[in-house]
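Quick note: the coordinates plus some simple rules give every number you see, no bench work behind them. Please read all numbers here as calculations on a predicted model, not as lab measurements. Heads up, the Cβs are rebuilt from the backbone with ideal geometry, glycines too, and the neighbour counts pull from every protein chain shown.
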Amino acid sequence: MSDLVAALDPERVQVGDVARRLYSRDASVLRGGRAGVICFPVTTAEVSACVVAAVAHGRDFVVRGAGTGLAGGAVPCDEPVMIVLTRMDRILEVDESRRLAWVEPGVVNLDLSRHLGGTGLHFAPDPSSQQSCTIGGNVANNSGGPHCLLYGVTSAHVLAVEVVLPDGEVVVLGNEEGDSVGYDLRGAFVGGEGTLGIATRICVRLTEDPPEVATLLLDFMSVGAAAETVSAIIAAGMIPAALEMMDQRVVEAVEPFVNAGYPTDAAAVLIVELDGQPAGVADEIMRIGELASTHGARSVRVAADEGERERIWKGRKSAFGAIAVIKPDYYLNDTVIPRTKLAEVVERIYEIVEEQDLIVMNVFHAGDGNLHPLLLFDAREEGVMERVLAAGEEIVRVSVAAGGVLSGEHGIGLEKKRFMSLQFSPADLEVQSRLRAAFDPDGRANPAKVLPSGASCGHVTSLGRLPEGTWV
Ligand SMILES: Cc1cc2nc3c(=O)[nH]c(=O)nc-3n(C[C@H](O)[C@H](O)[C@H](O)COP(=O)(O)OP(=O)(O)OC[C@H]3O[C@@H](n4cnc5c(N)ncnc54)[C@H](O)[C@@H]3O)c2cc1C
């Protein structure tokens with residue numbers, strides 16, 4: 001503590017009970033332990049000093065952005081030093097001609113695109129949490145978003161990262177040109193979930209605003225027909241900028257808030273966004289309209305103006321908030337499956353959830369097969385967590401068995417580390433742990449996360465002692 005106070009302004013080192021509780025959670029329903037001491041550095045040198053102090057005193061450290069993570073990545077275990085980067089929130093440099101920007105890790109995702117307004121450029125990764133999540137968190141989780149179908153997830157938009165390694169040394173991985181000379185350590189770092197070091201400055205690629213954008217709303221009387229339309233669009237050689245699906249429960253929950261004109265009697269709606277040159281967009285609108293009708297779409301609506309586009313997207317982006325009218329708590333799963341299996345796996349998810357007597361809402365990035373079943377529950381209900389856990393586990397197993405993967409964008413964190421062996425062999429896991437040890441030989445950076453062999457969390461909760469990584 002005294003080393004931290006010496007390195008930082010004392011006001012930016014907190015050990016009070018309220019702060020320790022506040023920083024013990026992220027946006028998931030996971031609980032670990034409590035934060036030991038919480039630091040708010042404002043420079044790379046201060047981040048390095050926090051790391052050096054933590055390691056010198058034999059403490060682990062956990063870095064945190066906005067805490068919107070859904071896999072427990074920023075949840076503390078065993079009273080670590082929490083390094084919170086929300087005060088490192090400056091946009092340091094924008095080079096319009098080279099289409100890049102250097103930002104601090106605490107910059108909120110949407111703030112960068114807002115800052116770029118009028119330049120004809122934007123930052124393409126657009127997680128639905130973009131109004132609050134940080135670019136450092138996006139880098140750590142290799143985050144996605146609706147428009148990542150066409151533009152690629154965060155890794156495709158990170159040219160270089162300044163990193164404080166777990167021994168306090170500062171290095172830059174990658175370069176402004178985006179060329180990889182030798183091993184691509186930038187690529188290894190992105191998606192590291194805070195286990196390989198701390199990103200303190202990030203050089204991001206900026207994307208040109210498209211000359212024309214069209215947003216379509218398609219509605220279907222069955223989830224299967226909507227899913228088949230998704231596959232048919234991609235099979236026809238079109239990659240929309242975004243291709244999202246919402247089922248009837250989601251539509252019914254959001255429509256009263258956004259008045260987007262979603263058909264509440266439809267089993268599923270697809271939001272399809274097309275962008276590019278006007279002639280190409282017009283052609284794709286026509287082809288997608290025809291394909292959708294062939295696959296049973298009841299209607300195909302093209303947003304007439306910017307206001308209508310915004311209302312359609314607002315419904316999609318506020319889906320998680322709207323569920324509060326149904327149940328007070330939710331557990332949001334995140335798996336990926338082959339697009340061709342969307343219909344069958346989504347049907348199976350409805351069955352799994354019904355077997356556990358829970359409610360599910362499906363709202364997801366259909367174009368890349370990234371499922372997000374939202375399990376709704378009331379945590380005060382006796383025994384409900386066991387049912388949520390059982391349903392979540394079965395969804396993961398069904399997705400992997402269908403040829404999919406454990407996570408599309410939320411990361412492994414605490415949540416999925418016990419499932420890593422479903423996807424990776426012991427040899428694969430050994431190689432991953434050797435990569436981790438190359439960055440962090442002493443295992444001090446977020447040690448309880450990602451790999452099954454990491455240190456364990458304390459799990460004593462009001463529900464009794466639960467297995468490691470349990471949701472409560
Ligand atoms: C309503 C809602 C919608 C969401 N929608 C999406 C979505 O569409 N797509 C998507 O991908 N995610 C989504 N998320 C998940 C989450 O917002 C993202 O994972 C986001 O990138 C996390 O950013 P954060 O700043 O909140 O990170 P935190 O939650 O604070 O941290 C996440 C992980 O990153 C590590 N970390 C944070 N900062 C750094 C850093 N500077 N250096 C190294 N490691 C760091 C932490 O240790 C932790 O492991 C959603 C979450 C919510 C609540």
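Each residue of the stretch 33-45 in order: what ³J(HN,Hα) in whole Hz does its phi give by Karplus 6.51 cos²θ - 1.76 cosθ + 1.60, θ = phi - 60°, with x for Gly and Pro?
x, 10, 5, x, 9, 10, 10, 10, x, 10, 9, 4, 4
What longest region of the chain stays clear of chymotrypsin sites (Phe, Trp or Tyr not before Pro) that DSSP places outside H, G, I, E and B and that have at most 16 other Cβ atoms within 10 Å? If you can, show how the numbers build up before the last one.
On the way: sites that count: 183, 424.
With a cap of 16 other Cβ atoms within 10 Å, the longest stretch comes to 184-423.
Rounded to the nearest 10 degrees, what's the angle between the helix 248-258 long axis and the longest principal axis of the chain, both from Cα atoms, 0 to 90?
With rounding to tens, the tilt is 80 degrees.
At a Förster distance of 41 Å, what's the computed FRET efficiency of residue 9 paired with residue 259, Cβ-Cβ distance as r, to 0.05? Walk me through the intermediate numbers first.
Details: r = 47 Å, r/R0 = 1.15.
Calculated transfer efficiency: 0.30.
Give the distance, in whole Å, between the Cα centre of the stretch 156-198 and the Cα centre of the stretch 24-87.
Answer, in whole Å: 19.
Using the Kirkwood radius over Cα pairs, work out the Stokes-Einstein diffusion coefficient for the stretch 91-208 at 25 °C and 0.890 mPa s, in µm²/s as a whole number.
Values: Rh = 14.0 Å.
After rounding, the answer is 175 µm²/s.
Looking at the stretch 95-185, which trypsin sites (Lys or Arg not before Pro) are in a loop (DSSP not H, G, I, E or B) and have at most 16 other Cβ atoms within 10 Å? Mind dumping the intermediate values first?
Numbers: sites: 98, 99, 114; in loops: 98, 99.
When the trypsin sites (Lys or Arg not before Pro) of the stretch 95-185 are filtered for loop state and at most 16 Cβ neighbours within 10 Å, 98, 99 remain.
Tell me, how many Å apart are the Cα centres for the stretch 93-120 and for the stretch 407-455?
Their Cα centres are 32 Å away from one another.
Hey, any idea what Rg/Rh is for the chain, computing Rh the Kirkwood way over Cα pairs? If you can, show how the numbers build up before the last one.
Numbers: Rg = 22.2 Å, Rh = 23.0 Å.
Looking at the chain, the ratio lands at 0.97.
Let a ≥ b ≥ c be the square roots of the eigenvalues of the Cα gyration tensor of the stretch 256-354; is it rounded (a/c under 1.5), or, if not, prolate (a/b larger than b/c) or oblate?
Numbers: a/c = 2.04, a/b = 1.34, b/c = 1.53.
Oblate.
Could you state the orientation-averaged shadow area of the convex hull built on the Cα atoms of the stretch 327-439, in nm² to one decimal?
Averaged projected hull area, Cα only: 8.0 nm².
Local charge sum around residue 299 (other residues, Cβ-Cβ under 12 Å, Lys/Arg +1, Asp/Glu -1)? Mind showing how you got there, number by number?
On the way: positive: 298, 301; negative: 219, 265.
With Lys, Arg at +1 and Asp, Glu at -1, the net is 0.
Could you tally the net charge around residue 128, taking each other residue with its Cβ under 13 Å from the Cβ of residue 128, Lys/Arg +1 and Asp/Glu -1? Could you put the intermediate results ahead of the total?
Working: positive: 314, 316, 317; negative: 126, 244, 334, 409.
Within the 13 Å Cβ shell, the charges total -1.
Report, to the nearest 10°, how far helix 306-317 tilts away from the longest principal axis of the Cα atoms in the chain, using its own Cα long axis and a range of 0 to 90°.
So the helix axis and the longest Cα principal axis differ by about 60 degrees.
Using Cα atoms only, what is the angle between the long axis of helix 426-439 and the major principal axis of the chain, expressed in degrees (0 to 90) to the nearest 10?
Around 50 degrees separate the two axes.
Classify the stretch 212-321: rounded, prolate or oblate, from the alpha-carbon gyration tensor (a ≥ b ≥ c, eigenvalue square roots; a/c under 1.5 rounded; otherwise prolate if a/b is larger than b/c)?
Values: a/c = 1.98, a/b = 1.24, b/c = 1.59.
The shape class here is oblate.
Tally Lys/Arg at +1 and Asp/Glu at -1 over every other residue whose Cβ is under 13 Å from the Cβ of residue 380; what's the total?
Details: positive: 327; negative: 329, 378, 381, 382.
Neighbour charge sum, excluding residue 380 itself: -3.
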